[in-house]
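Chemist: My questions all concern the structure below.
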Amino acid sequence: MIGRSLIILTLFVSSLACSSNSPQKISFTNQPYFFDAGGANSSLKSETYPLTPKLKYSEEFGYGFTNTKAEGFYHEDTERSRDDFLIDGIISGDITFKADIPEGDWWLTIWFELGMEDSSTTRLYINGENLTPALQTFTPEAEGREVIDQTYRLVQRKFRASETGFNFRMEGVEDDVRLLGFSLIPDPEASDDERAVALTKEIRKAGKFNSTDKLEPLIAKLDRLKNEPGMQNFSAFWKLQLQIVKEGEKFFNYRGWSHRTEETGMGLFDHIHQGILMYDGMLTSTEAEKNLMYERALWYNARLLYWLWLEGGSYREREAAFTYMRKMKQLYPDDELVRMYNGEKIDTKDRFDDIKKPANAPEWAFAEWEVSNRLKEVVDWWVLEQQNENGEFGGKFGDDVEILRFWSPLILSGDSVTYQGWKKLADGVWNSSKVKDGYAKKPSDVEHSSEFISDTAPLMVLYNDSEEYEHRLSYSADYFMNLWTGFNENGHRFFKSSWFSSSEIEMEPPKNRDVPYTTRAAKAVRYYAWKSKDPSTLKALEEWADGWLAVSQKTDKGKPKGIIPASVAFPSENFNGDEETWYIANMFWDYFDWDGGASILDQLLFTWTITGNDKYLTPFYQHLELVSKYDKELSKPENPFKEGSEGWAAYILGNSGNFWNVSGTWRLLSGDTKYDKLIIEHGTPFIKYRLTGNEDYLVEGIQPFLETIRYNVPMISTEAIHTDRVHIGPDRAREIGILQGMITGYGIGESSSPYIAVSWEKASRDLTYLVTGSDSTSLDVDIYSFSNKEESVTMRLWQLKSGLYSLKQTQNGNEEIRAIDVIKAGDRFELKIPSKEPVSIQIERVGN
């Protein structure tokens with residue numbers, strides 16, 4: 001059996017250790033012993049003593065189980081990650097072991113599986129004393145656990161053996177005990193031996209929190225001393241401590257890299273959890289702070305827990321992370337990285353600190369230049385330093401793709417490095433084992449199954465003219481029409497489930513519902529319909545919009561008219577199936593509960609852009625009217641209305657950035673001025689600028705992003721473990737709609753639909769853009785270049801109808817007018833932009 005993930009590389013036991021599963025007598029002395037638990041026919045780790053379920057204690061053998069009814073088990077799912085010592089064990093509700101070891105201080109180290117528990121309820125007694133450690137607890141999986149966890153726990157306890165030896169008991173409380181093995185090592189007392197003194201000094205240095213010392217050479221030195229007189233216990237104990245830390249660091253670095261998942265058979269969360277569990281065994285051990293590896297283990301574990309909490313953990317991970325981080329700050333109060341993890345904003349000096357705004361540069365341009373270039377430098381690290389050849393960033397494909405959510409305005413502004421990284425990831429995902437026939441291979445909830453494609457593929461048709469990228473979207477269109485959706489009892493097209501893949505759907509309740517999140521899977525469909533103009537796809541999208549429009553007008557379960565319900569059951573069309581309310585979906589994940597339904601409003605708006613049918617705009621008027629009705633209540637710190645009422649819904653909508661984002665896009669596309677006062681009061685900074693022309697809104701809108709990315713840069717680059725938690729704005733924002741609006745004319749979140757007036761290619765990073773007006777017959781853009789020389793840039797026109805236009809470029813009081821012929825969406829035109837001079841571009845249709 002090939003073991004890749006093992007702590008016990010070379011075990012420190014005497015020559016009496018067995019090579020078979022037959023029990024052998026042990027005349028215990030003050031030396032290390034390792035015991036490998038398993039069935040009668042299980043593989044035995046070399047240089048260990050076997051522990052089979054039938055091994056009962058006797059004075060003749062000197063060790064064995066007492067009062068234990070157990071069975072052997074073999075964990076087949078872990079064959080790629082474990083060796084013979086860890087692959088199998090014994091399982092029982094109560095395990096008691098006795099050994100006639102010599103009197104004195106010893107260390108007991110136990111390896112046991114998590115089983116079905118996220119938080120261990122197993123109790124540990126040594127010589128009758130309850131020595132159960134406070135082991136790390138984890139947030140349970142949203143959809144529940146169905147299989148035995150692939151990770152294992154580690155417990156270390158120092159105890160004193162009496163004249164009659166020792167015994168330990170592991171009592172399973174809510175789950176069985178799954179014992180893998182354990183070791184007994186005499187306490188390595190301080191020694192004057194020069195070899196021990198020298199190695200202690202090296203271990204202490206390697207154990208510092210910021211040490212980069214390799215542990216393997218130290219482990220090798222200790223291994224060479226294991227049979228030296230007087231060094232056996234010292235060697236065994238410290239080699240085990242170093243191997244625990246080394247194993248933890250291995251999993252810390254394995255993260256979500258696909259080649260590591262292939263190697264271990266474990267995913268990102270298994271790797272993260274296993275790393276935590278290794279350190280947890282050391283940090284909860286007796287006299288943990290005296291351990292020479294304490295600081296290093298503390299630092300790695302604190303970071304793993306911090307990122308696991310950010311990823312979606314609860315108070316369990318958060319409390320542990322900040323407990324350990326506070327300890328780190330007590331040890332190193334001046335370390336900048338430690339201070340960042342403890343919540344301080346650290347402004348590390350960088351090249352932007354000394355750059356002054358040119359006198360004639362608009363404030364909006366300088367703010368855009370700084371925020372976009374700071375973001376581009378973050379992207380540079382991810383693309384040029386972290387990304388591997390198949391496009392991964394190390395957080396697993398499903399999370400890596402989410403980092404792209406702030407990249408689109410950078411690419412649409414013409415940045416080549418950002419495009420290079422996006423394309424490599426998009427191609428890597430497409431060709432990975434996670435995707436089959438154009439969508440997720442395995443069915444899961446739509447938030448997770450859709451991200452492989454929706455976060456990578458749709459915008460590639462804006463970035464790249466190759467027909468390949470349009471073709472990739474056609475798969476989603478096919479599944480949308482023929483697999484994922486169907487016509488319900490009322491003749492409306494809806495998704496039949498929110499759990500699906502490229503080949504199957506899961507329809508057992510409560511999964512058999514359409515939810516606003518399905519718009520993420522439909523994102524590729526919308527872009528395909530927009531790009532290809534395929535009539536079947538356009539018709540299917542229209543039918544789906546008709547279904548959501550119909551249910552928005554219903555008032556079942558007290559839903560206000562016009563509001564989008566949290567979910568729609570298939571085929572009954574009941575809101576949230578058999579649930580009592582219209583707003584609590586109760587579908588495992590709380591993100592399916594009602595949050596305003598902005599993504600469905602976006603789908604309706606997109607349908608209006610392709611059909612021209614004003615009925616799809618009806619919910620916009622209803623939503624805005626409702627918010628207007630309760631306008632005076634929106635500023636209250638808490639929702640003052642009864643849950644589920646129209647006032648309650650209005651309060652949530654009025655305080656929803658997503659709602660104002662899509663409402664602002666509706667305003668720009670429709671041209672309807674009825675709710676301008678309301679939108680100017682509550683809308684996004686970009687729409688406020690477009691409706692008033694006040695550039696202060698732009699600067700104010702960019703400032704919160706600058707206040708994020710000017711500080712703690714390692715937390716969005718070198719320190720980030722979960723790539724879907726790279727936050728670049730306030731309230732953990734992962735996208736920057738205001739920048740996209742300034743650059744392209746529309747700032748819709750996640751570029752969910754293809755609303756775009758203009759984009760830019762082959763551009764210097766010193767160019768800044770502000771779309772001041774856009775529709776189907778005209779485009780106005782202000783440009784400012786911070787470059788020291790004239791720059792060329794390619795302008796792509798997406799919204800203008802085909803026809804002849806005049807392009808007027810004004811700079812330094814001079815006008816240059818030329819005719820351009822727009823043939824199709826995305827046509828390219830070259831511009832020359834002078835150094836540090838405000839430039840105005842005005843494009844107007846000539847004739848009809």
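The values are calculated or read from the model by the stated rules, or taken from the named source; none is laboratory data. Computed from a predicted structure; not experimentally measured. Quick reminder, even Gly has a Cβ in these numbers, built from the backbone with ideal geometry, and neighbours come from all protein chains shown. The area values use the complete protein model at the heavy-atom level, side chains included, leaving out ligands, DNA and RNA. Shrake-Rupley method; radii C 1.70, N 1.55, O 1.52, S 1.80 Å.
Chemist: Is there a residue in the range 660-673 that is under 26 Å from Ile702 (Cβ atoms), surrounded by fewer than 19 Cβ atoms within 10 Å (Cβ to Cβ) and among the hydrophobic types (A, V, I, L, M, F, W, C)?
Modeler: no
Chemist: Under 8 Å between Cβ atoms, which residue pairs at least 6 apart in sequence (or on different chains) link something in the range 410-425 that is within 18 Å of Ile728 (Cβ to Cβ) with a partner that is open to solvent by 30 Å² or more (accessible area, probe 1.4 Å) and in a helix (DSSP H, G or I)?
Modeler: Ile411/Tyr419; Val417/Asp380; Val417/Leu384
For (1) at pLDDT 95 or above; (2) in a helix (DSSP H, G or I); (3) open to solvent by 60 Å² or more (accessible area, probe 1.4 Å), each residue gets a yes or a no:
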residue	(1), (2), (3)
Trp299	yes, yes, no
Pro333	yes, no, yes
Glu344	yes, no, no
Ala367	yes, yes, no
Glu377	yes, yes, yes
Leu384	yes, yes, yes
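Chemist: Please list, ordered by residue number, the strands (runs of 3 or more DSSP E) wholly in the range 58-146 having 3 or more residues that are under 30 Å from Glu263 (Cα atoms) and in contact (Cβ under 8 Å) with a residue 40 or more places away in the chain.
Modeler: By residue number, 88-92, 104-113.
Chemist: Which residue, of Trp582, Trp548, Trp544, is assigned to a helix (DSSP H, G or I), out of contact with any Leu (no Cβ under 8 Å at 6 or more places or on another chain) and among the aromatic types (Phe, Trp, Tyr)?
Modeler: Trp544
Chemist: How many residues are more than 15 Å from the chain's Cα centre (by Cα) and outside any helix (DSSP H, G or I) if we restrict to the range 386-410?
Modeler: 6
Chemist: Suppose the filter is surrounded by fewer than 19 Cβ atoms within 10 Å (Cβ to Cβ) and either among the small types (Gly, Ala, Ser) or under 21 Å from His75 (Cα atoms) (or both); does Glu249 pass it?
Modeler: no
Chemist: Which ones in the range 287-310 are out of contact with any Phe, Trp or Tyr (no Cβ under 8 Å at 6 or more places or on another chain) and more than 14 Å from Thr137 (Cα to Cα)?
Modeler: Scanning the range 287-310 gives Glu287, Glu289, Lys290, Asn291, Met293, Tyr294, Trp307, Leu310.
Chemist: Determine if the range 613-621 includes at least one residue that is touching a helix residue (DSSP H, G or I) at 6+ places or on another chain (Cβ under 6 Å), more than 30 Å from Pro140 (Cβ to Cβ) and β-branched (Val, Ile, Thr).
Modeler: No; the residues of the range 613-621 include none that is touching a helix residue (DSSP H, G or I) at 6+ places or on another chain (Cβ under 6 Å), more than 30 Å from Pro140 (Cβ to Cβ) and β-branched (Val, Ile, Thr).
Chemist: Same structure, new question: Are any residues in the range 233-280 in a helix (DSSP H, G or I), touching a residue at least 24 places away in the same chain (Cβ under 8 Å) and within 19 Å of Gln386 (Cα to Cα), and if so, which ones?
Modeler: Matches in the range 233-280: Glu249, Lys250, Phe251, Phe252, Ser258, Thr261, Leu268, Ile272.
Chemist: Every residue in the range 730-769 that is farther than 25 Å from Ala598 by Cβ and either open to solvent by less than 10 Å² (accessible area, probe 1.4 Å) or not in a strand (DSSP E or B) (or both), please.
Modeler: Across the range 730-769, the qualifying residues are Trp760, Lys762, Ala763, Ser764, Arg765, Asp766, Leu767, Thr768, Tyr769.
Chemist: In the range 403-452, which residues are open to solvent by 30 Å² or more (accessible area, probe 1.4 Å) and of a type in the set (Phe, Trp, Tyr)?
Modeler: Tyr419, Trp430
Chemist: Moving on to the next point. Return yes or no: is Ser599 among the polar types (S, T, N, Q), assigned to a helix (DSSP H, G or I) and more than 22 Å from Trp544 (Cβ to Cβ)?
Modeler: No: the conditions fail for Ser599.
Chemist: Of these, Ala457, Ala522, which one is within 20 Å of Thr607 (Cβ to Cβ) and open to solvent by less than 20 Å² (accessible area, probe 1.4 Å)?
Modeler: Within the list Ala457, Ala522, the selection yields Ala522.
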